Amino acid sequence: MGKLVYSAITSLDGYTADANGNFDWSAPDAEVHAFVNDLERPIGTYLYGRRLYETMSVWETWDTTVEPREVQDFATIWRRATKIVYSRGLHAVGTRLTTIEREFVPDDIRALKESSPDDLEIGGATLAAAALRAGLIDEIALFLSPLVVGGGLRALPQDARIDLELLEQKRFTSGVVYVRYRVSS
């Protein structure tokens, strides 16, 4: 049975994008990127909202041969995973191993977790909020960036109480702090 992990890079004040929708500040340096790659290796399926899928789909065709090793590595990891995009408006996908689901159905996610030999990762704050409210997420992994953006798209829902148990923490040279929590039942 796979566990469902919500992973996000956030500002210190808890936003995945600022009030203008910008997230350029979240690009990981080499040290953080290599660490992220190690976390992504056991992921067999990514669950995405439309916006995050459209952002991530560049990894399908990006020629990374002249890029740093950690970028090449991530491209390989991302391309081999299955992707499920939750969207009512997206009519087609441009990446392999990708399907579209029109509705987010918690029971379908539970069945997917039970049948998966690998872990699953959910991405996109809005989609993750729905999964958190439905009690589907097993772990939350956040990379806290050393800046405050003052508003935007919140990484975690404001209308849900979620009890957590700290499993891991790591500080990077850049000032980014990684924290991983188990969602308590």
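The values are calculated or read from the model by the stated rules, or taken from the named source; none is laboratory data. As the structure is a prediction and not an experimental result, all values here were calculated from the model. Using ideal geometry, Cβ is built from the backbone for each residue, glycine included, and neighbour counts are taken over all protein chains shown. We work out accessible area using only protein heavy atoms, side chains counted, and drop any ligands, DNA or RNA first. Shrake-Rupley method; radii C 1.70, N 1.55, O 1.52, S 1.80 Å.
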Q: Express the carbon and sulfur contribution to the solvent-accessible surface of region 16-151 as a percent, rounded to the nearest whole number, probe 1.4 angstrom.
A: 53
**Q.** Cα convex hull volume per residue for region 47-110 (Å³)
**A.** 85
Q. Leaving out same-chain residues fewer than 8 places away, which lysines sit with a Cα under 17 Å from that of K3?
A. K83, K113
Q: Could you tell me which of S145, Y181, Q169 has its Cα farthest along the dipole of region 114-181 towards the positive end, charges placed at Cβ (Lys, Arg +1; Asp, Glu -1), taken about the Cα centre?
A: S145
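Report the charge-dipole magnitude of region 1-138 in Debye, nearest 20, computed about the Cα centre from +1 at each Lys and Arg Cβ and -1 at each Asp and Glu Cβ.
540
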Q | Surface/4 estimate of mean projected area, convex hull on alpha-carbon atoms of region 77-177, nm² | A | 8.8
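Report for the chain the percent antiparallel among DSSP-assigned beta bridges with both residues inside it, nearest 5.
40
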Q: Of the options V32, G49, N20, report the single residue whose Cα projects farthest towards the positive end of the charge dipole of the chain (beta-carbon charges: Lys, Arg +1; Asp, Glu -1).
A: G49
Q. Binned at 10 Å from 0, what are the whole-percent values of the Cα-Cα distance distribution for the chain, short to long?
A. 9, 36, 41, 13, 0
Q: Would you mind working out the magnitude of the charge dipole of region 12-90 relative to its Cα centre, with +1 at each Lys and Arg C-beta and -1 at each Asp and Glu C-beta, to the nearest 20 Debye?
A: 580
Q) In debye, nearest 20: dipole of region 92-176 around its Cα centre with unit charges on the Cβ of K, R (+) and D, E (-)? A) 420
Q) Averaged per residue, what accessible surface does the chain expose to a 1.4 Å probe, in Å²? A) 52
Q) Once every DSSP H run of n ≥ 4 in the chain is given -39500 (n - 2.57) and the sum is divided by its residues, what mean residue ellipticity at 222 nm do you get, rounded to the nearest 500 deg cm²/dmol? A) -8000 deg cm²/dmol
